Amino acid sequence: MSFLTLGRTAVVRQADLMTTKTTNTPEPNALAFTWSHVQDAPIRELFPGIRLRPLWRGDDGATAHVLEMDPNTCWQGTDVHEPGPEEVFVLSGTFNDGHRDYPAGTFIHCPAGSSHVPQTTTGCTLFVLYPEG
């Protein structure tokens, strides 16, 4: 565990194997920010060639992740969005949901109860947010 001090107070906490950093600024009404770096996030292989890097977990259960998919990989089974929606931003490569391709720069909102079969032929990196956990 390490602490950063760059003119501000920073606190590092370990939660569910995720490292998050919170900084409190001396400015009035300033928000406390939480951040993490993808290189510091633990890697969990979900399926061969598909890795999840958890970045953040909110007090309300919301989570943010980076999902890395190697070329020619496919999710095993159907990914059902329960209990809430899934928000995806394609950072690099081309993501396919089983129906169509989404190139880098695409935002996808998957409502609660929807499903897809994530896959890629080119490989891709996604930012994934579960706002309701």
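The values are calculated or read from the model by the stated rules, or taken from the named source; none is laboratory data. Bear in mind the structure is a predicted one, so any value in this text is a computation, not a measurement. Quick reminder, even Gly has a Cβ in these numbers, built from the backbone with ideal geometry, and neighbours come from all protein chains shown.
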For this session: May I ask you to say which residue of 77, 7, 58 is modelled with pLDDT under 95, surrounded by 12 or more Cβ atoms within 10 Å (Cβ to Cβ) and either in contact with a strand residue (DSSP E or B) (Cβ under 9 Å, 6 or more places away or on another chain) or not acidic (Asp, Glu) (or both)?
Result: 58
Exercise. Taking the range 87-133 as the region of interest, how many residues are of a type in the set (Ser, Thr, Tyr) and in a strand (DSSP E or B)?
Worked result: 7
For this session: Tell me which residues, restricted to the range 34-63, are among the aliphatic types (A, V, I, L, M) and not in a strand (DSSP E or B).
Result: 38, 41, 43, 62
